[in-house]
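Working notes, structure below.
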Amino acid sequence: MSEYTRDELVARLVRAGEMEVSGEGPQEELDSYFNAEKFTFDGPGGWKADYAGLNAYFQSVRAAFDDRSIRRGIVLVEGDLLACQTWIEGTFVRPFTQSPVGTLEPNGARVVWDLINIFRFDDQGRIIEEFVRQDLRDFLEQLGAKDA
């Protein structure tokens, strides 16, 4: 069990998400929210990544989308697990190199990632696992992918 309270875990999760989406703040602070050595990501469409892969993905998001924001909806905490609704938004203005279908050219649209996340924390309150589910068809349509 984590040394952090429920509210502290939620606050840490919110801050980590804000930093990944904005790209602002020191890397050392962002790293402190994750167990970088053991972190695993299980995403939509079978995409799997480690901590470096997650950071590379968000770097591509920051490069492709302006006016980015993140917000959390319903949050449930049970032991070392936290589940929540997440919405990430941005305006698609430059090529998106890590879309689910490869590089896509910008369409100028406001895009919304509508996600369900489940996070597992280690006993030091760091994120060690993340599972994400998303309607990829809707997301690809927003990105302007042909035959989504």
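Read-outs: derived from the displayed coordinates by stated rules, not from any lab. Computed from a predicted structure; not experimentally measured. Note: ideal-geometry Cβ built from the backbone for every residue, glycine included; neighbour counts use all protein chains shown.
Of note:
- Across the options Pro26, Asn117, Tyr4, the greatest Cα extent toward the positive end of the charge dipole of the chain (unit charges at beta carbon of Lys, Arg, Asp, Glu) belongs to Asn117.
- Charge sum, other residues only, whose C-beta stays under 10 Å from Ser69's C-beta, Lys/Arg counted +1 and Asp/Glu -1: -1
- Whole-angstrom gap from the range 33-86 to the range 110-148, using each part's C-alpha centre: 7
- Relative to the longest principal axis of the Cα atoms of the chain, the long axis of helix 51-64 lies at roughly 40 degrees.
- Computed [θ] at 222 nm, deg cm²/dmol, the chain (DSSP H ≥ 4; -39,500 (n - 2.57); rounded to nearest 500): -9500 deg cm²/dmol
- Residue among Gly46, Gln59, Gln142 farthest towards the positive dipole end of the chain, charges placed on Cβ: Gln142
- For the range 113-142, the residues whose backbone nitrogen is under 16 Å from a point 7 Å from the Cα of Ser69, taken along Cα to Cβ, are 113-115.
- Were the residues from Lys48 through Ile118 laid out at 0.36 nm apart, the gain over their Cα-Cα distance would be 23.8 nm.
- The chain: relative contact order as a whole-number percent, Cα under 8 Å and 6+ apart: 25
- Dipole in debye (nearest 20) - the range 1-145, about Cα centre, beta carbon charges: Lys, Arg +1; Asp, Glu -1: 380
- Among (1) 37; (2) 25; (3) 22, the entry derived from the coordinates for percent of Cα pairs over 26 Å apart: (3)
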